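One structure is given below, encoded as structure tokens.
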Amino acid sequence: MKGFAKFGLKREILEGISDLYFTEPTPIQERAIPLALEGKDLIGQAQTGTGKTAAFVIPMLQKLQENSHDIQGLILTPTRELAIQIAEDVADLAKHLEVNVLCLHGGRDIQAQINKLQDRVHIVVGTPGRILDHLRRGTLHFGRIKMLVLDEADKMLEMGFQEDVETIIQQTPEKKQTLLFSATMPDRVRLLAHRFMFQPPHIKVEMKQATAEKTKQYYYVVNQSEKVEALQSLLKDLNPYLAIIFVNTQDRVEFITEQLQQAGYEAAALHGGLSQNKREQLMENFRKVKFQYMVCTDIAARGVDVEGVTHVFNFDLPSDPESYIHRVGRTGRAGQEGTAITFVSPRQKSIMKKIETSIKQKIEERLLSGTKGFAEIPGKERRKPRPENKRTGRTPKDHLPKEKHPEKAENQTRPAQDKKKVKPGYKKKAVLEKQRQESQEKRKRIQQSINEQIKKKKRKEAREVRER
């Protein structure tokens, strides 16, 4: 038997997998699903984009009893965006099953969530803070869950959720199956696994190339004070169809967004300080290309999956290689080409070397030139001014008689009435309008190309399913 059928899954689950055009399991799915189906605890170490969500959702669905009114599966995630995405994945895979999934996270009316918990719920996906809130209110009980999943465990602990996670685990039955997935394995994650898991095999899947092959990556060495100007210059030259601009703090998100808007760019800010409704609305508008440039933090963008993102800009260098991989993974999706550009200060070049080692790929350094205010480019000579006359202090051009300067003579003889006054801002407005029209045309072409590529891919995969 080939594909997912070799795992002995329910027919309804295989139909859900087929509807998503999955044909062959990924390496993490190939190794994790059989162990999970045997009921073993396990640790899965894999980067984003390896298919780890299906690696724990498929076994969970296989073990569920649809007729039961108990909550049988709990999936903990660090962010609300990721919780929403996983809940959607569960719903898609369980499309042909009578399974109800509920997503619990902050930013939503808790009373509405309490009302939904009174109905039959099989799987809960949520963030530690909101899950713990329901437990303390007595509106949520995990006394009969069969499987607990800790997704992106390293990020949860890094964000300060360790105490909350341990409290939640203590509210679950001792006899249950625990799956832990993490991109990295710091000591805190190892200790958590040792404390709450029973002899878990450690599955580690390393990608040959951590970022998409069709994603071009390069970086510029830019001083901090010159980053905004460098970004605007690149946006003008590259004119991306859709771009995500990553920065490290909420305040800088707002500042950079404001700078781009003042320069005439269609930009919006996404960060954890916004309400959930506002964040979801922004994401929907971004998917519909109602604005081109989204400025955001890592936490806000975790779980963001938008087809058609042509460029990613690391305005601030990420803190670790895993964050870099996550950011770059937002472009070059669905087989499309993508571009990832990073701004690096002179002192951060050593960090870029570490990132290159981690992703097993050389990142090209490029030079910014021809823009006012940029620092001198190492190794590149600028044109030197013509030497002055030591006696007079004038350049050879200034020393020439006025009649040798035809442009000056023309300006002196031109009647004053011939000079037409140009309305202030007119030229800039005209340039921006031209850029906007070119951008709209480029968007249409790229969107048509993306749609055609997706259709071809789906037709090919559907044909392969039928042939099997």
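No lab work stands behind these numbers, since they all come straight from the coordinates. Note that the structure is a prediction, hence the values are computed from the model and not measured. Glycine gets a Cβ as well: all are built from the backbone with ideal geometry, and neighbour counts include every protein chain shown.
Quick notes
- Cα→Cβ-extended label distance, 7 Å offset, between GLU66 and GLN453, nm: 3.7
- Computed about its Cα centre, the charge dipole of region 46-111 is approximately 200 debye, with only Lys, Arg, Asp and Glu carrying charge at their Cβ.
- Between region 239-274 and region 27-44, the alpha-carbon center distance in angstrom: 40
- Extension gain, LYS236 back to GLU284 (0.36 nm per residue minus Cα-Cα distance, nm): 14.8 nm
- Taking each residue as 0.36 nm, the span from GLN262 to ARG120 lengthens on full extension beyond its C-alpha to C-alpha distance by 46.1 nm.
- Whether region 3-204 is rounded, prolate or oblate, judged on the alpha carbon gyration tensor where a/c under 1.5 counts as rounded: oblate
- Assuming charge only on the beta carbon of Lys and Arg (+1) and of Asp and Glu (-1), the dipole of region 215-366 about its Cα centre is about 300 debye to the nearest 20.
- Protection-proxy order for peptides 52-61, 28-37, 226-235, each taking the mean of Cβ atoms within 10 Å per residue, highest first: 52-61, 28-37, 226-235
- Peptides 106-112, 271-277 ranked from most to least packed, by the mean per-residue count of other Cβ atoms within 10 Å: 271-277, 106-112.
- Residue separation of LYS460 and ASN248 scaled by 0.36 nm, minus their Cα-Cα distance, works out to 72.3 nm of gained length.
- Peptides 156-169, 436-449 ordered by average Cβ neighbours within 10 Å, highest first: 156-169, 436-449
- FRET E, pair ALA112, ARG190, Förster distance 30 Å, beta-carbon r, rounded to 0.05: 0.20
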